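Have a look at the structure below before the remarks.
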Amino acid sequence: KAGVTQTPRYLIKTRGQQVTLSCSPISGHRSVSWYQQTPGQGLQFLFEYFSETQRNKGNFPGRFSGRQFSNSRSEMNVSTLELGDSALYLCASSLDAGELFFGEGSRLTVL
Amino acid sequence: AQSVTQPDIHITVSEGASLELRCNYSYGATPYLFWYVQSPGQGLQLLLKYFSGDTLVQGIKGFEAEFKRSQSSFNLRKPSVHWSDAAEYFCAVERTGGGNKLTFGTGTQLKVEL
């Protein structure tokens, strides 16, 4: 079956702009989680959505937001981009709690 | 708050040699424990997981890990490393019943010498 699909894979933005990243989970998976990966901070949890409701939230500022649609697809948005937001953003899906299946990520560069 | 420590940032082993990657966690109870592997430019792939029961768990690609409650450790092992195992390895914990909120270690970069 198809894996987790993230789009776009690469993007470049400038400071102050906003960005929306998309994630299509594995068919049947209702949980979608987002993680930020940077060389300095490593892998950090952003948020998790389950059946369109935010179930968990990490320690990121309000500029980072997300949502999940009825078909379980999810988007995350970062507003007013800062240089420090440059990172690999990973999406993961799961049936429920437990094993996560990760996508290949969206690499965001902020200039 | 829970935390995960991977004390080895880089490890180099010869192909065919055994491997052990260390992971220690800090958490009030026994969490769910995971090992993930990440190849360059790729996402994370689950190698194995521990939820409860037998403390020695088998994973994919010939990896295994042992949960030791007394040491708060979950070390990853492989008896014979292949060149294709070169990648970055992450240990992660999840609070039981806490949904899919993983706390990751900083990772161990594995280099395999031929």
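Since every read-out is calculated from the coordinates, none of them should be taken as a lab result. Note that the structure is a prediction, hence the values are computed from the model and not measured. Note: ideal-geometry Cβ built from the backbone for every residue, glycine included; neighbour counts use all protein chains shown.
Cβ-Cβ distance of A:Thr14 and A:Ser79, R₀ of 22 Å, FRET efficiency by 1/(1 + (r/R0)^6): the value works out to about 0.95. Here the 3J(HN,Hα) profile of the stretch B:33-40, calculated from phi with Karplus coefficients 6.51, -1.76 and 1.60 at θ = phi - 60°, is 10, 9, 10, 10, 10, 10, 8, x Hz, Gly and Pro shown as x.
Looking at the P(r) of the stretch B:68-114, how many percent of alpha-carbon pairs lie beyond 13 Å?
Here the long-distance tail beyond 13 Å is 69 percent of all Cα pairs in the stretch B:68-114.
With a threshold of 26 Å on the Cα-Cα distance, the over-threshold entries among B:Lys78/B:Lys111; A:Lys57/B:Lys49; A:Lys13/B:Lys49; B:Lys61/B:Lys111 are A:Lys13/B:Lys49. Kirkwood hydrodynamic radius computed over the protein assembly as shown comes to 18.0 Å, based on all pairs of distinct alpha carbons. For the stretch A:1-43, the fraction of alpha-carbon pairs lying more than 15 Å apart is 59 percent, rounded to a whole number. As a ratio to 2.2 N^0.38 Å, the alpha-carbon radius of gyration computed for chain A takes the value 0.99. For the stretch A:41-60 versus the stretch B:66-114, the inter-centroid distance based on Cα atoms is 21 Å. Please report how far the C-alpha centroid of the stretch A:73-111 lies from that of the stretch A:16-32, rounded to the nearest whole angstrom. The stretch A:73-111 and the stretch A:16-32 have Cα centres separated by 8 Å.
Derived scalar couplings between HN and Hα for the stretch A:36-45 equal 10, 10, 10, x, x, 9, x, 8, 10, 6 Hz in order, rounded to whole Hz, by the Karplus curve 6.51 cos²θ - 1.76 cosθ + 1.60 (θ = phi - 60°), x for Gly and Pro. Using the average count of surrounding beta-carbon atoms within 10 Å as a protection proxy, the listed peptides B:31-39, A:54-62 rank, highest first, as B:31-39, A:54-62.
Hey, got the average number of other protein chain Cβ atoms within 10 angstrom for residues in B:34-45?
Mean partner shielding for this stretch: 4.
Per-residue mean of foreign Cβ neighbours for B:99-109 is 6 (Cβ atoms of other chains, 10 Å radius).
Averaged over the residues of A:42-54, the number of partner chain Cβ atoms lying within 10 Å of the residue Cβ comes to 3. Taking every alpha-carbon pair under 8 Å whose residues sit at least 6 apart, chain B reaches a relative contact order of 37 percent. Couplings 3J(HN,Hα) of the stretch A:56-69, computed from phi: 9, 9, x, 9, 10, x, x, 5, 9, 9, x, 7, 10, 9 Hz, in residue order, whole Hz [Karplus 6.51 cos²θ - 1.76 cosθ + 1.60, θ = phi - 60°; x for Gly and Pro]. Annotation: amide H-H contacts under 5 Å for A:Phe47 (H modelled 1.01 Å from N, sequence separation of 5 or more, or interchain): A:Trp34, A:Gly58.
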